[in-house]
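What follows is a set of notes on a single structure, which appears directly below.
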Amino acid sequence: VLKMLDDDDRPARDRPWAAFVAEELEHAPASMSPAGVKRLRITFDALTELCNPPTVGRVTHGLLETFVTRRLAKPCVPSTVRGELGYIDAALRREKERGDIKSAPKMPKGRVPKRTMRLLTPAEIGRVFEHCRDDRMRAFVWLSLTLGARREETTSIQWDDVSLADKMVRVFQSKTQT
């Protein structure tokens with residue numbers, strides 16, 4: 001008795017990871033900028049270095065969680081890791097559409113922490129001041145550090161914003177909220 005295989009019964013082709021990466025980079029979506037293709041290559045290199053999946057089918061939710069943990073242990077900001085997960089997700093979805101894997105793994109969304117602010121230590125502040133060229137630069141750095149202001153906020157301060165009697169400086173928020 002012959003049975004026709006429908007799409008769900010068809011065995012998925014589990015390609016070697018290196019072949020998958022090479023094909024993805026060769027046929028990067030036409031809508032990607034050169035910088036996007038470079039970021040995709042960096043992402044694949046990082047996943048290969050940190051987790052070394054032998055085949056595409058071995059890229060699982062657990063492996064991606066391991067990737068996130070190991071990637072954040074290196075000097076890498078969380079927003080970069082979230083972006084890399086987006087690239088991996090898109091590539092694995094394309095692989096699923098081609099029928100080469102049965103399903104794309106669930107991405108560990110929400111598990112990549114937001115960046116936390118770290119304050120400079122007094123020793124680090126001292127090193128910053130050592131590299132200031134002159135008193136004007138030291139004043140700029142001191143004001144930025146004291147107020148927690150961005151460069152644009154600090155450079156936009158006018159004398160009308162300073163009250164020496166009250167020991168206050170008004171800073172206007174320059175970054176738009178989204």
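The values are calculated or read from the model by the stated rules, or taken from the named source; none is laboratory data. Here the structure is a predicted model, which means the values were calculated and not measured. To get the accessible areas, we keep the full protein, side chains included, count just its heavy atoms, and leave off ligands, DNA and RNA. Shrake-Rupley method; radii C 1.70, N 1.55, O 1.52, S 1.80 Å.
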So if I restrict to the alpha-carbon atoms in segment 22-67, what is the Rg, and what is Dmax, the biggest pairwise distance, in Å?
11.7, 31
Cα-based Rg of segment 58-149 per 2.2 N^0.38 Å, rounded to two decimals?
1.71
Residues of type aspartates and glutamates that K102 reaches as a straight line, Cα spacing below 19 Å, ignoring anything fewer than 8 places off in the same chain
D6, D7, D8, D9, D14, E23, E24, D89
Accessible area, probe 1.4 Å, largest first, for residues H27, H61:
H27, H61
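Give the accessible surface of segment 42-158 per residue, rounded to a whole number of Å², with probe radius 1.4 Å and ligands, DNA and RNA excluded.
With all protein chains present, segment 42-158 gives 65 Å² per residue.
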For T55, the residues 5 or more places away or on another chain with a placed amide H closer than 5 Å to its own amide H are W17
